[in-house]
Amino acid sequence: MQIISAIDTLRSTLKNRGRIAFVPTMGNLHEGHISLMRQAREHGDSVVASIFVNRLQFGPSEDFDKYPRTFQADCDQLSAAGVDILFAPTESDLYPEPQQYLVDPPEIQNWLEGEFRPGHFRGVATVVLKLFNCVQPQAALFGKKDYQQLMVLRNMTRQLALPIDIIGGETVRAEDGLALSSRNGYLSPSERAEAPRLYRELCRLRDAVAAGDRDFRKLEQSAVSALDTHGWKTDYIAVRRQSDLMPPSSNQEALVVLAASRLGSTRLIDNMEL
Ligand code: PAF
């Protein structure tokens, strides 16, 4: 695997490499990322990954400084997964001057995650468009665990007519159901034992909907209360339409439940298609 940090070196290296499948990451890789790398192989002749902890998508009181940086271990995993090229720009490679031109997603950026992380999706969309311009892939893969992010990026790609297929990869879970996430590493042993409750509440809600319960407000509230009882602080548990993340309006729509809740100082997100 070749590791490249400069944009012009990346561009010259990627000439004549056929169809490129790209997996952007912020590093601290786990099996969720690695499964995207494996899927990427089915979508391209060359697989390119990136590692860049993007300051623009973190709020002022968020975990940018303590976000886990595990570059050598990440490189070992990417090599073993058969990634051809790792683009690992420094902050001055990617943002040589303050980034003043920003991608401002529409209203969706203010709902759900956006309500609790103002500016987050602007930072994500800006860096992903910039990474797309550097790598110029034909396909790009993102995990469904960040469901709203996937939708923002899909819509951006379509509206800006970028010639890139956006592919969503299924969430990878630990045996007890906890969705894999770099932030799971912040959990203490007792919090880690408690953490799968979020997944179990989503399953409970999914099963109730499958059994015909359409009182989504009550189901959401019941999940929030169950988490509250065990010391969680929930930002949202919301049943939404898969198509646009708006509240459901008819019986015919495919739905998804999205959740964000804090256990101690760790904020976990998860979702489940219903
Ligand atoms: O999902 C992530 O890891 C990040 O939001 C992304 C897409 C790599 C942009 O920084």
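The values are calculated or read from the model by the stated rules, or taken from the named source; none is laboratory data. Keep in mind it's a predicted model, so treat the numbers as computed, not measured. Reconstructed Cβ throughout: ideal geometry from the backbone, glycine too, with neighbour counts over all protein chains shown.
Annotations
- When ALA88, ALA73 are screened for being farther than 18 Å from ARG11 by Cβ, out of contact with any Pro (no Cβ under 8 Å at 6 or more places or on another chain) and touching a residue at least 40 places away in the same chain (Cβ under 8 Å), only ALA73 passes.
- Sole exception among (1) assigned to a helix (DSSP H, G or I); (2) touching a His at 6+ places or on another chain (Cβ under 6 Å) for ALA21, by number: (1)
- Filter result for the condition that a residue is under 26 Å from ASP63 (Cβ atoms), among the small types (Gly, Ala, Ser) and touching a residue at least 12 places away in the same chain (Cβ under 8 Å), over ALA174, ALA210: ALA174
- Meets criteria (surrounded by fewer than 20 Cβ atoms within 10 Å (Cβ to Cβ) and aromatic (Phe, Trp, Tyr)) for TYR199: no
- Residues in segment 76-110 that are charged (D, E, K, R) and under 25 Å from PHE64 (Cβ atoms): ASP76, GLU91, ASP93, GLU97, ASP104.
- Residue within segment 2-19 that is under 21 Å from the mean Cα position of the chain (by Cα) and more than 23 Å from SER92 (Cβ to Cβ) present: no
- Segment 249-264, residues that are modelled with pLDDT of 95 or more and either among the aromatic types (Phe, Trp, Tyr) or part of a loop (DSSP other than H, G, I, E, B) (or both): ALA254, GLY264
- Count - residues of segment 44-62 that are surrounded by fewer than 19 Cβ atoms within 10 Å (Cβ to Cβ) and away from the ligand (no atom under 13 Å from the Cβ): 4
- Cross-chain or 6+ apart pairs with Cβ under 6 Å, segment 123-145 first and within 20 Å of ASP104 (Cβ to Cβ) and at pLDDT 95 or above, then near the ligand (Cβ under 9 Å from one of its atoms) and part of a strand (DSSP E or B): LEU131/PRO24; LEU131/SER50
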